[in-house]
Amino acid sequence: MNPGIRTAVMSLGLVLSLSATAARAEGLSFIPYGDNCWGTGTDADQDGLSDDCEYQVALAFMPMLWFDSGESGYGRRPYFAVKSHSFSTRTLRIFYLDTFFEDTGVTTGHDGDPEFQLFEVHYSAGSWYLDWAYLSAHRKSACDSSAWYSYEQLEYDLSDSRNAYRGWPTLYVAEDKHATYNNLTTCDRGCFLQDYCSRYAAQYLDTSSRLSSRNVGSTAVPLINQVLLNGKTERLLDDVDFKGWDDQWYRPNSQGYRRHLNDFGF
Ligand SMILES: [Ca+2]
Ligand SMILES: [Ca+2]
């Protein structure tokens with residue numbers, strides 16, 4: 001191509017891509033907190049963040065999960081924790097404890113399946129933006145496929161008027177084993193090609209309570225630790241087995257959330 005024309009075409013492309021960016025809504029603008037998330041209101045876990053802000057941000061960014069057509073273990077009772085990452089950049093980290101009751105994988109099966117997602121989000125000029133997501137995928141096991149993803153590597157359901165680019169992401173849950181991934185391709189490569197994902201059933205992480213009263217606080221200041229359900233007790237923050245309120249004699253248990261919470265400073 002003639003260099004002059006090529007430059008003109010490239011400039012046009014640049015203008016078009018800039019205008020496309022400007023037109024696209026980004027971030028979540030309906031969360032009723034911004035700077036006042038820090039240093040105001042009730043702060044039960046003594047981390048400098050308003051408890052209600054912790055809840056509102058965790059709820060707003062709660063991911064949508066695509067489950068695989070062969071999924072046989074949907075049961076879960078999710079919790080969350082939030083902590084300040086940087087006041088100067090108004091950045092928070094949200095830790096979602098999926099608390100699947102069991103891993104129903106044929107060879108991998110175990111009671112309690114402590115997969116999790118960690119989102120890093122920041123507030124700027126009226127909106128909250130997703131920056132990074134760490135998605136657990138058999139973390140600390142032989143086929144650990146956990147990874148950090150930037151917001152550009154994640155998918156967003158823009159058909160929902162309460163969402164936007166860099167709002168809550170749509171994630172993919174590996175069949176029966178519940179490792180989470182940013183897209184179908186990454187999932188199918190996961191755990192030495194043994195993870196499978198498809199767009200079969202979409203569910204919010206918490207389908208029952210919208211994460212209400214599910215803030216565990218932190219390991220230093222626990223707000224929720226011991227949880228009794230179906231006659232069985234789990235200690236979510238302690239360094240003990242997590243059995244998913246489903247302690248079957250024929251299946252091993254999993255190690256709890258504590259080691260993961262420790263690693264990320266929660
Ligand atoms: Ca707090
Ligand atoms: Ca907190």
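Of all residues in segment 167-198, which are of a type in the set (S, T, N, Q) and surrounded by 16 or more Cβ atoms within 10 Å (Cβ to Cβ)? The answer is Thr170, Thr180, Asn182, Asn183, Thr186, Gln194, Ser198.
Among residues belonging to segment 26-45 that are near ligand 1 (Cβ under 7 Å from one of its atoms) and in contact (Cβ under 8 Å) with a residue 60 or more places away in the chain, point out the one that is farthest from Asp131 (Cα to Cα). Result: Ala44. Within segment 120-154, being within 13 Å of Thr186 (Cβ to Cβ), assigned to a loop (DSSP other than H, G, I, E, B) and of a type in the set (A, V, I, L, M, F, W, C) holds for Ala137, Leu154.
Condition check ((1) touching an Asp or Glu at 6+ places or on another chain (Cβ under 9 Å); (2) among the basic types (Lys, Arg); (3) within 13 Å of ligand 2 (Cβ to nearest atom)) across all residues:
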{"residue": "Cys53", "(1), (2), (3)": "no, no, yes"}
{"residue": "Ala60", "(1), (2), (3)": "no, no, no"}
{"residue": "Gly75", "(1), (2), (3)": "yes, no, no"}
{"residue": "Thr91", "(1), (2), (3)": "yes, no, no"}
{"residue": "Thr99", "(1), (2), (3)": "yes, no, no"}
{"residue": "Tyr129", "(1), (2), (3)": "yes, no, no"}
{"residue": "Trp132", "(1), (2), (3)": "yes, no, no"}
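Candidates are the residues of segment 57-68 that are buried (at least 20 other Cβ atoms within 10 Å of the Cβ) and within 16 Å of ligand 1 (Cβ to nearest atom); the one that is nearest to the chain's Cα centre (by Cα) is Ala58.
For residues in segment 72-103 being surrounded by fewer than 21 Cβ atoms within 10 Å (Cβ to Cβ) and more than 18 Å from the chain's Cα centre (by Cα), which is nearest to ligand 1 (Cβ to nearest atom)? Only one residue tops the list, namely Phe87. Candidates Ala164, Ala201: the one that is buried (at least 17 other Cβ atoms within 10 Å of the Cβ), in contact (Cβ under 8 Å) with a residue 40 or more places away in the chain and either away from ligand 2 (no atom under 16 Å from the Cβ) or among the basic types (Lys, Arg) (or both) is Ala164.
Scanning segment 204-219 turns up no residue that is more than 21 Å from the chain's Cα centre (by Cα) and assigned to a loop (DSSP other than H, G, I, E, B). Of everything in segment 212-240, what is surrounded by fewer than 19 Cβ atoms within 10 Å (Cβ to Cβ) and either at positive phi or of a type in the set (Lys, Arg) (or both)? Give them in sequence order. Passing the criteria: Ser213, Asn230, Gly231, Lys232, Arg235.
Only residues that are surrounded by 19 or more Cβ atoms within 10 Å (Cβ to Cβ) and of a type in the set (S, T, N, Q) were counted in segment 122-161, giving 3.
Starting from segment 241-266, keep only residues that are of a type in the set (Lys, Arg), then list their pairs with residues that are not in a loop (DSSP other than H, G, I, E, B) whose Cβ atoms are within a distance under 7 Å, requiring at least 6 positions of separation or different chains. Between residues of segment 241-266 that are of a type in the set (Lys, Arg) and residues that are not in a loop (DSSP other than H, G, I, E, B), the close pairs are Lys243/Asp111; Lys243/Gly112; Lys243/Glu234; Lys243/Asn253; Arg251/His110; Arg251/Asp111. Checking each residue in segment 10-56 for being at pLDDT 95 or above, of a type in the set (Ser, Thr, Tyr) and part of a helix (DSSP H, G or I) picks out only Tyr55.
The values are calculated or read from the model by the stated rules, or taken from the named source; none is laboratory data. Just so it is clear, the structure is predicted and the values come from calculations on it, not from any experiment. Positions of Cβ are backbone-derived with ideal geometry, glycine not excepted, and every protein chain shown enters the neighbour counts.
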